[in-house]
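Have a look at the structure below before the remarks.
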């Protein structure tokens, strides 16, 4: 490559001598840049979702190719965020694609120092057994004066901001049916 062709290929030279004096168009496009395509153009499908990070509920478009999430962008049709995402929402693709994401149940026994893998059915059975045991051990039928209580103080529920009203409604119903009275959520979407 000669010096002249190198200079003519230089973006500043193209900006000063071409039709792009602001340097926001063709002047700054390299050959490599011209060969790139957006991950959204090659996606097999797009699903709408809600960002899981906070209570704002920004709309997201999740692009999928070959069963893998390839891109997550703001949804311009969302009345809440109008296509915009904060840095956390814009980086939410890593929630599902990160090699550090846990994909199995890990359990550390009481006083243990190592984690062990459990299958999901075993972990769910352990949780159910503990809920039943805590309920039985802390159940209060009546107070000291004989008034009915029918409650337990040994179980509580705290819902997060990323759960919507419908999910928190179901959680409230479940824990009320178990006799829990310490139920709180932070539903905003």
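The values are calculated or read from the model by the stated rules, or taken from the named source; none is laboratory data. Everything numeric in this text was worked out from a predicted model, so none of it was measured. Cβ placement follows ideal geometry from the backbone for every residue including glycine, while neighbour counts extend to all protein chains displayed.
Of all residues in segment 41-75, those satisfying the criterion of being assigned to a loop (DSSP other than H, G, I, E, B), touching a strand residue (DSSP E or B) at 6+ places or on another chain (Cβ under 8 Å) and loosely packed, with under 14 Cβ neighbours inside 10 Å are 42, 44.
Residue by residue, here is whether (1) closer than 30 Å to residue 60 by Cα; (2) without any contact (Cβ under 8 Å) to a residue 40 or more places away in the chain; (3) surrounded by 16 or more Cβ atoms within 10 Å (Cβ to Cβ) holds:
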position	(1), (2), (3)
154	no, yes, yes
157	yes, yes, yes
177	no, yes, no
186	yes, no, no
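A count restricted to segment 18-40 and to residues that are more than 23 Å from residue 74 (Cα to Cα) and surrounded by 12 or more Cβ atoms within 10 Å (Cβ to Cβ) stands at 8. Among the residues of segment 114-125, is any over 20 Å from residue 52 (Cβ atoms) and in contact with a helix residue (DSSP H, G or I) (Cβ under 9 Å, 6 or more places away or on another chain)? Yes: segment 114-125 contains one or more residues that are over 20 Å from residue 52 (Cβ atoms) and in contact with a helix residue (DSSP H, G or I) (Cβ under 9 Å, 6 or more places away or on another chain).
Contact map, segment 19-44: residues that are more than 25 Å from residue 65 (Cβ to Cβ) paired with residues that are in a helix (DSSP H, G or I), Cβ distance under 6 Å, separation 6+ or inter-chain. Pairs shown: 20/26; 20/27; 23/15; 27/11; 27/14; 27/15; 28/11. Does at least one position in segment 44-51 carry a residue that is closer than 21 Å to residue 164 by Cα and at pLDDT below 90? Scanning segment 44-51 turns up at least one residue that is closer than 21 Å to residue 164 by Cα and at pLDDT below 90.
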